[in-house]
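The numbers here are math on the coordinates, done by the rules we state, and not lab data. For clarity, every value in this text was computed on a predicted model and none was experimentally measured. Heads up, the Cβs are rebuilt from the backbone with ideal geometry, glycines too, and the neighbour counts pull from every protein chain shown.
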């Protein structure tokens, strides 16, 4: 087995890449000192910790090996991505409920099992939960249903 194509090694590389991206975007933020932290102190330290963990994961994966990477499952990746994009486009225009219903409906087709009753129950429960959390609990100024609430 090729240890460079193992799940752990690739996930370690992903940690390192995210850390490098965070360092790049935070390079213009003032670092400050430990006593007087600037706005770039915590992001830089978190990026370095993330990169260190990624390096550790890569070394362990090379030494011990791990499971090989599976082929990507394109149907779930594509449908969930389309669902999130539709949610983003509908949220401002139609409100939270229609956007949430479309997201759940599209993402439901990504799985191997599709049961209409479970999908409808999921829509109802998530709609109630999101309304209670975001509108009632947090008091956010979001439209639940355009033109109604």
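Determine, from the Cβ-Cβ distance of residue 136 and residue 74 and an R0 of 35 Å, the FRET efficiency 1/(1 + (r/R0)^6), rounded to the nearest 0.05. Intermediate values should be presented prior to the final figure.
Numbers: r = 39 Å, r/R0 = 1.11.
Efficiency computed from Cβ-Cβ geometry: 0.35.
Beyond 18 Å, what percent of the Cα pairs of region 28-76 remain? Can you show the working numbers first?
On the way: 681 of 1176 pairs.
When every Cα pair of region 28-76 is considered, 58 percent fall beyond 18 Å.
So how do 125-133, 26-34 stack up, highest first, on mean other-Cβ count within 10 Å?
Numbers: 125-133: 13.4, 26-34: 11.3.
Final packing ranking: 125-133, 26-34.
Set the Förster distance to 35 Å, then compute FRET efficiency between residue 48 and residue 85 from the Cβ-Cβ distance, nearest 0.05.
On the way: r = 33 Å, r/R0 = 0.95.
FRET efficiency, residue 48 to residue 85: 0.55.
Residue 94 to residue 120: extension gain in nm, 0.36 nm per residue of separation minus the Cα-Cα distance?
Details: separation 26, 0.36 × 26 = 9.36 nm, distance 1.93 nm.
Here the segment from residue 94 to residue 120 would lengthen by 7.4 nm.
Would you report the distance distribution of C-alpha pairs in the chain as whole percents per 5 angstrom bin, up to the bin with the largest distance?
Per 5 Å bin, starting at 0, the Cα pair percentages come out as 2, 9, 11, 10, 10, 10, 14, 16, 11, 5, 2, 0.
Using a Förster radius of 35 Å, what is the FRET efficiency between residue 129 and residue 59 based on their Cβ-Cβ separation? Nearest 0.05, please.
Details: r = 42 Å, r/R0 = 1.20.
Efficiency, from the Cβ-Cβ distance: 0.25.
Helix 116-130 sits at what angle to the longest principal axis of the chain, using alpha carbons and giving 0 to 90 degrees rounded to 10?
Orientation of helix 116-130: about 80 degrees from the principal axis.
Can you give me the pair-distance distribution of region 74-137, C-alpha pairs, 10 Å bins, whole percents?
The distribution over region 74-137 is 23, 49, 26, 2, given as percents.
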